[in-house]
Amino acid sequence: MLIASYLQPFLISNNKKSPFHPFSVLDTVTLGALHTKQTVLARICDVLDIDYDSKLAHSAAYDSDVTAQVFCKIINEFDHDISSYTHNQIIIKIP
């Protein structure tokens, strides 16, 4: 899970403002599942074309780096202009 506050030290040290509300919590696994229809980090990386080394997996440093790459790729691919959507396009369909 990636919490928006996780980004705060980087943003502050680079004189950037966070685009997220201070109380935002963004779960990267959920974002990954919605974006790729996969729930396993290795499979999410495969779909997103992010290198994943199973020999390095499950160490805190490696997993956090790969998770950050997943988060950034999904956010950067997201269509940020939500104002152009109608309410009919934002409906979440449950099978």
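Just to be sure before I move on: is Ser5 touching a Leu at 6+ places or on another chain (Cβ under 7 Å), surrounded by 12 or more Cβ atoms within 10 Å (Cβ to Cβ) and either outside any helix (DSSP H, G or I) or modelled with pLDDT under 80 (or both) in the structure I sent?
No; evaluated as a whole, the condition is false for this residue.
β-branched (Val, Ile, Thr), modelled with pLDDT under 70 and under 12 Å from the mean Cα position of the chain (by Cα): does that describe Ile94?
Details: β-branched (Val, Ile, Thr): yes; modelled with pLDDT under 70: yes; under 12 Å from the mean Cα position of the chain (by Cα): no.
The answer is no for Ile94.
Here is a list: Val25, Val66. Which entry is free of Cβ contacts under 8 Å to residues at least 40 places away in the same chain and in contact with a strand residue (DSSP E or B) (Cβ under 7 Å, 6 or more places away or on another chain)?
Val25
The values are calculated or read from the model by the stated rules, or taken from the named source; none is laboratory data. Just so it is clear, the model here is predicted, and its values are computed rather than measured. Counting neighbours? That spans all protein chains shown, and the Cβs are built from the backbone with ideal geometry, glycine included.
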